Structure formats: structure tokens, C-alpha cells
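The values are calculated or read from the model by the stated rules, or taken from the named source; none is laboratory data. What you see is a predicted model, and the numbers here were worked out from it, not measured in a lab. All Cβ positions, even for glycine, are placed from backbone atoms using ideal geometry, and neighbour counts span all protein chains on display.
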Amino acid sequence: MRLFKIFKSKKTHHSSNKNLERPTKQELLNIKMLLEQDEKRINDSLELVNSTVNPATFFSRYDLLFSIVESNLELASMYKNYLHYTNDSIQKLYTDLNSNKSLYIDKLIQRMTEDLDSKIQLLSTEKSTINKINNFKDSLFNYKQKLSETQIKRINTITYSLKPHSELNQEIVAQEGTKNLETITNTVLFDKLSIYDSWNISISFGQSASKNFAKAIFMAKNSDKYIESCDDEGNKIFQAFYLENNYLDFQRLFKLIGNWKSTFVFINGELIDNKSLGKINICYGDKLKFSDPYFCFGVSEWTSNPFGCHRLMLTPSQTPWWSFGWFNNFGDWVIDKDAIRQKIEFKSKLFEKCPHFDKVKALEVVDLLPSKIKKFKDADNWYFTNTGVIPIDHSKTNKAIIKLL
């Protein structure tokens, strides 16, 4: 039982901790012990929320986690005049849980999809595959009131994209599927803002005898924007548009029809080559799966970089920015910023269409780099070798520059 009940009589009729009767030394020790025990419960619950593929476990543990965090902050605040206890990470977690529940649910759906995809590859019968896919959908739809329309749409898309083709009837998909989607495909977003005004990726394809055509039509109609048109010869063209947050949905459709002769991919209306698309698929796709806002600055000390894109290969494991330069007559290492700019210009050609790559900002970061690493002044933070310099702490060095952005 929490100490709220222990001290209930003491805080009755008091509106703030200023009027709270001073607790005894033993009571304060008990309170601090509870707060520290909460930290372990919070960490255990957070780990489960971020790893489970069971919706029942996720939603129950998420609510429990929020409750523990909330009561921890209340208790710490109540006795802040008597205790030296601070934990900024718990306050940040409270804000995160309170504001970003939808993002946590998105991660759950992504984990469940990957888990489902790996499991159905091992199933030998069509019936068991269908049952597994239906269980996936049903387990999530048990909490349908907690899901957004976009999440419901994504679950439907995933379900239909993974089902065996014999389970899908093209006529049903074209008619019933469209009818069910009418309420959510034309969202408010496109009433107020054309998709062409935002970063978008689109995929177009023609009529096909492929067994996957019914799936492709359903998935396309379930995109952010769907268009049917005809070419000069009267052949039907189907085109699906996706905004950057729904890039993984684009990947699912591309995986299904990417090798069709009639398939073309456009970013912001411009045809994109397969090599550039492949690079973006790997990099931006991973960013969305990791859901880490600092992913582009590196996921480890060996991929850390201040330029906002570790694919520029200006990382500690490749050619870091401090490797460009020369020693002057005083033994100082002069950073060759022009060479770094040239590297950014060259490498960015493959990634300039990525929605999160900003070449202008990357070039601006070059100006924030030190002009020199001085032999005596900077010796505490840098190793000096015969051929150049190496920071003692790669990650710390890059983070210091990122803070200047």
C-alpha cells in the first residue's frame, strides 16, 4: 500500500506541501525507498511496453506505467521540501507518455507486423496462415476504441497484404473494400492541404494478371491518396500516394508489385531510380522502425555524426570530419572544410530525396566545426597521431556540435 494512505490524515484540509505536517525521519526514509522502488517498476514496465507483441499486455502495462509515473511525481512533489530526490527522466517520461501514446501504439503495430510476417513464413497450410493473420487483426481490434483511424486503416492494409491470394476476391476488394474505406481515405488533411504541397512518394502500376493484383488495388485504395486514370491508349493506371509518416505502407505495396514492368515510383512528382530508392528504403525505413528522433545522427558512437545523416559516411567508422585536414607549422590540425563540403555534395546525390535529409543544414554544420584542433590547447580531448587527430570520445565530440544547431 502506498504512503499516500499513511499520510492521508496529515494532508487532509491542506492545499499544498507548505502546510504539510513535517514527517518523521523514518517516514522520509520510507518515502524515499518507495520512490526508488518505483524507478525499477517504471523501467520494467517501460521495457515491456516497448517490447511486447501482445496488445492486452501492452495496453494494461501502459496504463499501469502511466499510473506509477504519475503517483511517483505527485509523491516526490508533496515531500520535495523534506527530501533530496530528483529524477528528471521520470518527468520527461510522464510528458512523453501523456503526449505520444499514439506513437507507442504505432510501434506496437510495427512489432506485431514483423512478428506476424516471420511466423507465417514457417506455416505450412493456408488455413493456419489465415488464422494467424485473423488473430493478429482481432487482437488489435479488441482495443479499437484506443486506435486512430489511420491505425485502423494500417491494420486493414497489413491484414489484406499478408493474406493468401485465394482468400481475396478481386470484386469484393474493389467494391466492398472501397465502400468500407470511404469514411477514412479522404481525410481532413486533403480537404485543407493538397498532398502535392507535402513530401510524398507515389507508386503507379497498370492492370495485371498477377495473383497479387487484388491485394495491390486494396492497398493502393488504402493509401493517403488514390487516383485512377488512363494513358493515351486507354489503359488504366492506378496510383497511390503516401506521406512520409506512412512510408512503411508504401514499402509493403512496393514489395508486392515492385518488379512489375508497369510499376513506377515518384518522389514529389519526379521519377526516382531504383538505386536511390533502394538506399532510401533501407535508411528511412529503418528510421521509422526505430522511431528514434536522433536516428539520423547515428545509432551508436561509430555512426555518430553532426550532419543529420550517417549515410554521408562522415562517421567514426568511415571517414569522420576530423580526418579531413593537415598539420600546420605549429603542429595544429587544420580542418579542411572545403573537402568535407565536397563529400557532402557527392554523397547527398543518393539521399537528397529522403524526407529527413537536409543538405542545406548539413552544409551549415560544416561552418560550426572548429577550424583547428590545437596541439596544446585541445590535447585533453584529442589524440594527436603522425597522420591526424582522433577525439578521445567520438560521441561526446559530435554531440557538442549538435547542441549548437
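Scanning the stretch 317-337 for residues that are β-branched (Val, Ile, Thr) and not in a loop (DSSP other than H, G, I, E, B) yields Val334, Ile335.
Checked against the criterion of being modelled with pLDDT of 80 or more, in a helix (DSSP H, G or I), farther than 30 Å from Phe141 by Cβ and acidic (Asp, Glu), the candidates Glu47, Glu39, Glu70 yield just one match: Glu39. Of all residues in the stretch 254-275, those that are in contact (Cβ under 8 Å) with a residue 60 or more places away in the chain and in contact with a helix residue (DSSP H, G or I) (Cβ under 9 Å, 6 or more places away or on another chain) total 8.
Of the residues Leu103, Leu97, Leu93, which is crowded, with 17+ Cβ neighbours inside 10 Å and in contact (Cβ under 8 Å) with a residue 40 or more places away in the chain?
Every option except Leu93 fails the conditions.
Among the residues of the stretch 67-89, those identified as in contact (Cβ under 8 Å) with a residue 12 or more places away in the chain, surrounded by fewer than 18 Cβ atoms within 10 Å (Cβ to Cβ) and farther than 13 Å from Leu34 by Cα are Glu70, Ser77, Lys80, Asn81, Tyr82, Asn87. No other residue among Tyr284, Tyr242, Tyr294 is among the aromatic types (Phe, Trp, Tyr) and closer than 24 Å to Gly206 by Cα apart from Tyr242. A count restricted to the stretch 389-398 and to residues that are in contact with a helix residue (DSSP H, G or I) (Cβ under 6 Å, 6 or more places away or on another chain) and surrounded by fewer than 19 Cβ atoms within 10 Å (Cβ to Cβ) stands at 1. Among the residues of the stretch 187-209, some residue qualifies, meaning at least one is under 22 Å from Phe238 (Cβ atoms), within 23 Å of the chain's Cα centre (by Cα) and modelled with pLDDT under 60. Can you tell me how many residues in the stretch 298-339 are modelled with pLDDT under 95, hydroxyl-bearing (Ser, Thr, Tyr) and surrounded by 15 or more Cβ atoms within 10 Å (Cβ to Cβ)? Number of matching residues: 4. The helices (runs of 4 or more DSSP H) located wholly in the stretch 213-311 that include 2 or more residues which are of a type in the set (Val, Ile, Thr) and within 27 Å of Ser395 (Cβ to Cβ) occupy 274-290. For the stretch 347-380, a residue qualifies if it is touching a Leu at 6+ places or on another chain (Cβ under 8 Å) and surrounded by fewer than 18 Cβ atoms within 10 Å (Cβ to Cβ), and the qualifying residues are Lys361, Leu368. Here is the figure for the stretch 251-269: residues that are closer than 18 Å to Thr113 by Cβ and loosely packed, with under 15 Cβ neighbours inside 10 Å total 1. Checked against the criterion of being at pLDDT below 90 and either over 30 Å from the mean Cα position of the chain (by Cα) or outside any helix (DSSP H, G or I) (or both), the stretch 156-163 has at least one qualifying residue.
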